[in-house]
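Presented below is the structure to which this report refers.
The values are calculated or read from the model by the stated rules, or taken from the named source; none is laboratory data. Note that the structure is predicted; figures quoted are calculated from it, not measured. For neighbour counting, all protein chains shown are included, and Cβ atoms are generated from backbone atoms with ideal geometry for every residue, glycine included. Just so you know, the surface numbers come from the protein's heavy atoms only, side chains and all, with ligands and any DNA or RNA stripped out. Shrake-Rupley method; radii C 1.70, N 1.55, O 1.52, S 1.80 Å.
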Amino acid sequence: MFEKEINFIKELFSHKKEIALHEPCFIGNEKKYLEHCIDTGFVSSVGEFVHKFENKIKQITNSPFVVATNSGTSALHLALLAYDINEDNEVITQAISFVATANAIAYTGAKPIFLDVDKESLSLDPKALENFLKENTYQKEQKTFNKKTHKHIKTCVIMHTFGLAAKLKELIKICQNYHLILIEDSAEALGSTYNNKALGTLGACGILSFNGNKIVTGGCGGAVLCNDDDIAKKIKHLSTTAKINHPYEYEHDLIAYNYRLCNINAALLLAQLENLEFFLKNKRELTMLYKNFFKNNEFLTFVDEISNSKSNFWLNALIFKDENLRNIFIKECFENNIFVRPVWKSLASLKMYKNCQNDGLAYTKILEKTLVNLPSSVRL
């Protein structure tokens, strides 16, 4: 049924026998920097590449403060802890996201509230957020409380889905009106912008991920971006087991975490970041080919970036007219060694989060049955 589409994807990645969803591309100084780590013996969290990596992220994102972590999940966990999110709080987020978004919230003891996603951005729907807050909350002493649980809803975590920007103008205004701290889960969005500002820098803070399937990778890795020096210092302290600086004594003043990025991963990341502009250009060219090919397809819609934004197009996506068409496409792709993927299941449908409050998730339920991601690797 989708022979034409499958042949097109094969032509795009004609040098591959098996076409992965997204694989890393190592074309720069990776080996050189890794050898330097081994030669000097600095492979753990103390080493020059960690600081060079943080400075490079500052340069790329124009974020005043950057703290390197060992994953995007730990970065989000630390960002929430830095704003004292705990079991007395609830955190609003979107139902379409990788499970790490909800897990990081749960690590703090807070309970997530899952809301629907927007049809254009695929990130948290501003209308869903405003409707939920109007109907289900009350305000007291410049704080927002849940009418049902009477818990303080302190934070809103938005996730920039597949590197596409959320509708930040509307979301920021709503969060300000309801005294919510806006945190950007920009795990997939390095290189993406909204109104010419890097995603992850428009809220109170943001996080990035450098897992093996991201646009640049250190095998693992993450980062917290923020504008507040005190918050950055708190995050770094929490990421290094809350060790008090001393030449030789082991003194710790909090229960904290071993979340700091290792030098050997930072070395790999620095080499990758040196080629970020090439990766972004290459991936945008791939997206334009997909967009033009699928623009008149009667069975599906290609997902594009919203106005006032520029996406890194980490993963390209199609939305099919119905679940059956989507499943046929996936089956035929796999039979041809093209490893497309359906979108994640709704977080609210996972057994550990089934009892969390949600708003019905009308569009989420459509997306999880009709959306598929296309192979989106850098092509050489």
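Per the listing Glu305, Glu277, the residue uniquely under 24 Å from Leu168 (Cβ atoms), of a type in the set (Asp, Glu) and in contact with a Leu (Cβ under 8 Å, 6 or more places away or on another chain) is Glu305. Is at least one residue of region 304-318 without any contact (Cβ under 8 Å) to a residue 40 or more places away in the chain, among the β-branched types (Val, Ile, Thr) and closer than 21 Å to Ala165 by Cα? No: zero hits. With the structure loaded, tell me whether Lys310 is crowded, with 16+ Cβ neighbours inside 10 Å, of a type in the set (Lys, Arg) and within 24 Å of Asn296 (Cα to Cα) or whether it fails that test. So Lys310 passes the test. Output yes when any residue across region 299-312 is over 19 Å from the mean Cα position of the chain (by Cα), among the β-branched types (Val, Ile, Thr) and closer than 15 Å to Glu120 by Cα, and no when none is. Yes.
Checking each residue in region 235-257 for being open to solvent by 70 Å² or more (accessible area, probe 1.4 Å) and in contact (Cβ under 8 Å) with a residue 60 or more places away in the chain picks out only Lys236. The set of residues in region 13-22 that are open to solvent by less than 60 Å² (accessible area, probe 1.4 Å) and either out of contact with any helix residue (DSSP H, G or I) (no Cβ under 7 Å at 6 or more places or on another chain) or assigned to a loop (DSSP other than H, G, I, E, B) (or both) comprises Phe13, Ala20, Leu21, His22.
Every test in (1) part of a helix (DSSP H, G or I); (2) closer than 14 Å to Ala68 by Cα; (3) out of contact with any Lys or Arg (no Cβ under 6 Å at 6 or more places or on another chain) is passed by Leu270 save one, and that test is (3). Could you check how many residues of region 250-267 are aliphatic (A, V, I, L, M) and assigned to a loop (DSSP other than H, G, I, E, B)? Number of matching residues: 4.
Only strands (runs of 3 or more DSSP E) wholly contained in region 152-230 count here; list those with 2 or more residues that are β-branched (Val, Ile, Thr), buried (at least 24 other Cβ atoms within 10 Å of the Cβ) and at pLDDT 95 or above.
On the way: elements: 152-159, 181-185, 205-209, 222-226.
Result: 152-159.
Here Leu270 meets the list (1) in contact with a Gly (Cβ under 7 Å, 6 or more places away or on another chain); (2) over 30 Å from Pro112 (Cα atoms) almost entirely, failing just condition (1). The residues in region 53-97 that are in contact with a Cys (Cβ under 6 Å, 6 or more places away or on another chain), within 20 Å of Leu270 (Cα to Cα) and among the hydrophobic types (A, V, I, L, M, F, W, C) can be counted, and the count is 1. Which of the residues belonging to region 331-355 are open to solvent by less than 10 Å² (accessible area, probe 1.4 Å) and farther than 19 Å from Asn316 by Cβ? Selection gives Ser346, Leu347. Per the listing Glu298, Glu277, Glu285, the residue uniquely in a loop (DSSP other than H, G, I, E, B) and open to solvent by 10 Å² or more (accessible area, probe 1.4 Å) is Glu298.
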